[in-house]
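The values are calculated or read from the model by the stated rules, or taken from the named source; none is laboratory data. From a predicted model like this one, the values you see are computed outputs, not experimental measurements. Neighbour counts run over all protein chains shown; Cβ positions are idealised from the backbone, glycine included. Note: accessible area is taken over every heavy atom of the protein model, side chains too, but ligands, DNA and RNA are not part of it. Shrake-Rupley method; radii C 1.70, N 1.55, O 1.52, S 1.80 Å.
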Amino acid sequence: MPCSSLAEKKAGNTLAARLARLGLRTDADFVLHLPLRYEDETRITALADALPGVAAQFDVEVLDSEIAYRPRRQLLARVRDAGGALLLRFLNFYPSQQKVLQPGARLRIFGELHEGYLGPEIIHPRFHVVGADEPLPERLTPVYPTTAGLGQATLRRLIERALQRADLSDTLSPELREKLHLPEFSAAIHRLHTPPPDMAQAVLEARDHPAWRRVQFDELLAQQLSLRRAYTARRARGAPRLKASTKLTKALLASLPFRLTQAQQRAWQEIAADLGQPHPMQRLLQGDVGSGKTVVAALAMLQAVEAGHQAALMAPTEILAEQHYRKLAAWLEPLGLPVAWLTGSLKKREKEAAIAKVGAGETAIIVGTHALIEDKVEFARLGLAIVDEQHRFGVRQRLALKEKGLFAHQLAMSATPIPRTLAMSYYADLDVSVLDELPPGRSPVTTKLVAEARRDQVVGRVHEACRAGRQAYWVCPLIEESETLQLKTAEETFARLSADLPDLKVGLVHGRLKAAEKAAVMAAFVANEIHVLVATTVIEVGVDVPNASLMVIEHAERFGLAQLHQLRGRVGRGAAPELQGACILLYAKPLGELARARLKIVFESTDGFEIAREDLRLRGPGEFIGARQSGLPLLRYADLEDEALVEQARAVAEAMLRDEPQRAEAHLQRWLGGREELLKA
Ligand code: ADP
Ligand code: MG
C-alpha cells in the first residue's frame, strides 16, 4: 500500500511529529526541554581578538565574494572589521546567500574561527545582514537538543511561548526550598532557558549551578513520587493471604543436605511475612550467582501451596527453566507434591494435558518458560508468581505475566546486583531482599587474563583439568551484530577444540539448538560424559554443574561487565577444594580503553555489587533500566551518582504524598503529564 506509507511518511514529517519525537506535547514539556549549551551573542568580538576554536560573534563588512571550483564548488567571501580580516567559506549554499554577500554589505556573523590555508576563516558561519545600530540580545542564546528537520529558531520560539503561557508556580513550599537551598522553580527555569550574560557559560554547561540543581531535584522528585504512587496503588489491590507454612517448609528444610545461610533465612522471613499480607507482594530477591536463590523460591512456593494456592516459576530460557524444574522436582516430589513442567517445546498433547491440569487446579507447582503466560494457560488459583532473571523477558511478556498474576504475590529473582542509587530510584517501587552471602565452602573464583596469543597454553590447562576429572566451559566470542555469525563461530570453536583435545569429549550448546537437543547436551555435561562444553552465552545464567570448575571466555573484551561476572559465577560451585573455580579471560589485542577498564575490574573484583557499581559508572543507567522496564523515562538532568540528592528526593516524596497531595499531583503533572501509566508497565 504505497499510498498509506506515503501518507505516514508525510505525517511523520509534520512539526507535531517532530516535536513528539522529542517528547514535546504540553507547555510543561517545552518548559522542561532545557538547553544543551549556550551561545553568547550578547557581545561583538573584534576579529583581532578572536581565538581559534572559540565560537564568537563578529560584526563585519563584505569585501568581495566569489564561487570557487577547487577543490569543489564553494562560496568564499572575504570580510573585515576595523582591525582584521577573515574568510567565510560555504560548502553548501543557496543563491540567495550569495546575493546577500555583496561588497559593502554589513553582516553579523557567529561561528568558530580557525586558521585556514588562506589565513583565518570560518566555515558555514551563521550570519545575517545588520543595520547601523542593530541591538544585541541581552541574554545568552540557548541551544536545544533537537531532531532532524526542526531548527533552533522554531524550537526557541515555541519554548518562549510556552514559558509565557505555562503555569510555573512552585511545587515546593518556600520552607522546603529554603531547607534544601534550592531556588524558586520559575526563576531557575528562566535562568536556564535565557541566562543573563554575566552567568558563566561554563558553569551552566557543566550543569553545576543552583538552577540546574533545582531541575535535577525536581526530576528525581517526580520519579520518586510516581514510583511511590505505583507502590501504593499496588498495595491497594487485594491478594490472597498466604498463611505461614507449618508443615511443608519444615519438611523441605529437614530434607536438604545443607542448612540455609543467614542471608537465605533473612530473605525467606521477609518473603514469608509479605505472603501473609492481604495485598500483593512485589519483591526482588537479589543474590549473586550461586547464592542459593532457588531454595528460597521453593520455600515461598511451599507456603503458597500449603495455603491452598498454586505457585508458578518462570525462567527466561528453556535450559534455565529445566534446571529449576529438576531441582524443584527433586526437592518437592519426595514431599508428595508433583511439579508440572510447561514449555513451548512440549508436544501438543503433553502441553494441553499440562495446561488442563493447571486450569483444574490439579497441579499446585508449575515451572516453565514464557509458555506459562500464553493466553491458553489459566491458573485455577495462582497465589505466587516467581520470575527468574526477569530482566531477560520482553516487555510484552512482563505485561502478560502482570495480568495473569495481578492479584498474586510476585517475586522476581536476579543475579544482577543493583547499585544502591539505582535501587533507590528506578527500583524504588520494589521491596528488595538481598542474599549477600554465599553458601559455605565456596572460595572465590580466581581470574586470569591471558592474551589470545597464548591460547595453546590455555588449551593445555583445560586438558589437564579434565584429565584430573574436572570439567570445563569454553565460552565462545560474543558477536552481537549477527546471530548467524555467532553460530558459525561457535561451530568453529567446537571443531577446533575437538581437534586440539582428541582424547576428550567436547560438546556444543548454543541458542539455535532445539530444546530437546540442548537438554541432551546439558544432561551429558551434568553426567560428565562431556568434558568440555563449548557454549555461547546461553549458559550465562543459572546453569549449575559443580564439577565444572574451569571456564575459558574467548574474546572476553567483547563482553559486558555484568555478563563476565555472571559467566564466571558458573564455576566454583562445588564445595570440595579441588573444585575451586578458575576463570580464564582470553583477550585479543589491541584493547580499547573501555574494554581494558572492564577486564581490569573483573580481574580485580569478585564482588557483584562492586562490579555493578563500576558497570553503572562505565555505562550509565540505560542498560540497567532498559532491563527493568522500557516504559520508564531515563533521567535527563539528574545524575544517579548524586546519592545525596536522590536521598533528599526520596524523603521529600514521602512527606509530600502524605502532607501535600495537591502539590505532589501538580509536580507529577508537570514532569510526567499523561505519561505516568507507562511507569507501571
Ligand atoms: P543461584 O542463586 O545462583 O540461583 P542456586 O539456587 O542455583 O543459586 O544455588 C547454587 C547451589 O548452591 C545449588 O546447588 C544449591 O543447591 C546450593 N545451595 C543453596 N543453598 C545452600 C546452602 N545454604 N548451603 C549449601 N549449598 C547451598
Ligand atoms: Mg539461579
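Scanning the range 157-194 for residues that are more than 22 Å from Leu140 (Cα to Cα), open to solvent by 20 Å² or more (accessible area, probe 1.4 Å) and not polar (S, T, N, Q) yields Asp167, Asp170, Pro174, Glu175, Leu176, Arg177, Glu178, Lys179, Leu180, His181. Being within 21 Å of Glu483 (Cβ to Cβ) and assigned to a helix (DSSP H, G or I) is the filter here, so list the residues in the range 500-532 that pass it. If the condition is that a residue be within 21 Å of Glu483 (Cβ to Cβ) and assigned to a helix (DSSP H, G or I), then Ala515, Ala516, Glu517, Lys518, Ala519, Val521, Met522 are the ones that fit. Inspection of the range 396-418 finds a residue satisfying the criterion of being over 30 Å from Phe379 (Cβ atoms), within 16 Å of ligand 2 (Cβ to nearest atom) and at pLDDT below 90.
For the range 195-216, taking the residues that are among the hydrophobic types (A, V, I, L, M, F, W, C) and assigned to a loop (DSSP other than H, G, I, E, B), the one that is surrounded by the most Cβ atoms within 10 Å (Cβ to Cβ) is identified as Met199.
A residue that is within 16 Å of ligand 2 (Cβ to nearest atom) and outside the structural domain of Ala524 (by TED's automatic domain parsing) can be found somewhere in the range 368-382. Out of curiosity, is Ala385 surrounded by fewer than 21 Cβ atoms within 10 Å (Cβ to Cβ) and either modelled with pLDDT of 90 or more or within 16 Å of ligand 2 (Cβ to nearest atom) (or both)? The answer is no for Ala385. Of all residues in the range 536-557, those that are under 13 Å from Leu586 (Cβ atoms) and away from ligand 1 (no atom under 16 Å from the Cβ) have Cβ atoms under 8 Å from Cβ atoms of residues that are modelled with pLDDT of 90 or more and of a type in the set (Ser, Thr, Tyr), 6 or more apart or on another chain, in Leu550/Tyr473; Val552/Tyr473; Glu554/Thr493; His555/Tyr587; Ala556/Tyr587; Glu557/Tyr587.
Of all residues in the range 275-322, those satisfying the criterion of being within 16 Å of ligand 1 (Cβ to nearest atom) and part of a loop (DSSP other than H, G, I, E, B) are Asp288, Val289, Gly290, Ser291, Gly292, Ala315, Pro316, Thr317.
Note on the range 264-309: among residues that are farther than 11 Å from Lys243 by Cα and among the acidic types (Asp, Glu), the one that is nearest to ligand 2 (Cβ to nearest atom) is Asp288. For the range 534-545, the criterion of being open to solvent by less than 10 Å² (accessible area, probe 1.4 Å), assigned to a helix (DSSP H, G or I), within 16 Å of ligand 2 (Cβ to nearest atom) and among the hydrophobic types (A, V, I, L, M, F, W, C) is met by at least one residue.
When residues in the range 269-306 are screened for being over 30 Å from Leu564 (Cβ atoms) and without any contact (Cβ under 8 Å) to a residue 60 or more places away in the chain, 9 of them pass.
With respect to (1) among the hydrophobic types (A, V, I, L, M, F, W, C); (2) more than 16 Å from ligand 1 (Cβ to nearest atom); (3) modelled with pLDDT of 90 or more, the lone exception for Leu346 is condition (3).
Conditions tested, residue by residue: (1) out of contact with any Phe, Trp or Tyr (no Cβ under 9 Å at 6 or more places or on another chain); (2) touching a residue at least 60 places away in the same chain (Cβ under 8 Å); (3) in a helix (DSSP H, G or I).
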| position | (1), (2), (3) |
| --- | --- |
| His324 | yes, yes, yes |
| Trp341 | no, no, no |
| Ser345 | yes, yes, no |
| Arg349 | yes, no, yes |
| Ala356 | yes, no, yes |
| Glu362 | yes, no, no |
| Glu378 | yes, no, no |
| Glu403 | yes, no, yes |
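Would you check if there is a residue in the range 565-574 being modelled with pLDDT under 85, at negative phi and either away from ligand 1 (no atom under 16 Å from the Cβ) or open to solvent by 20 Å² or more (accessible area, probe 1.4 Å) (or both)? Within the range 565-574, one or more residues are modelled with pLDDT under 85, at negative phi and either away from ligand 1 (no atom under 16 Å from the Cβ) or open to solvent by 20 Å² or more (accessible area, probe 1.4 Å) (or both). Here the range 243-274 is the region considered, the condition is being more than 16 Å from ligand 1 (Cβ to nearest atom) and in a loop (DSSP other than H, G, I, E, B), and the residue that is surrounded by the most Cβ atoms within 10 Å (Cβ to Cβ) is Ser245.
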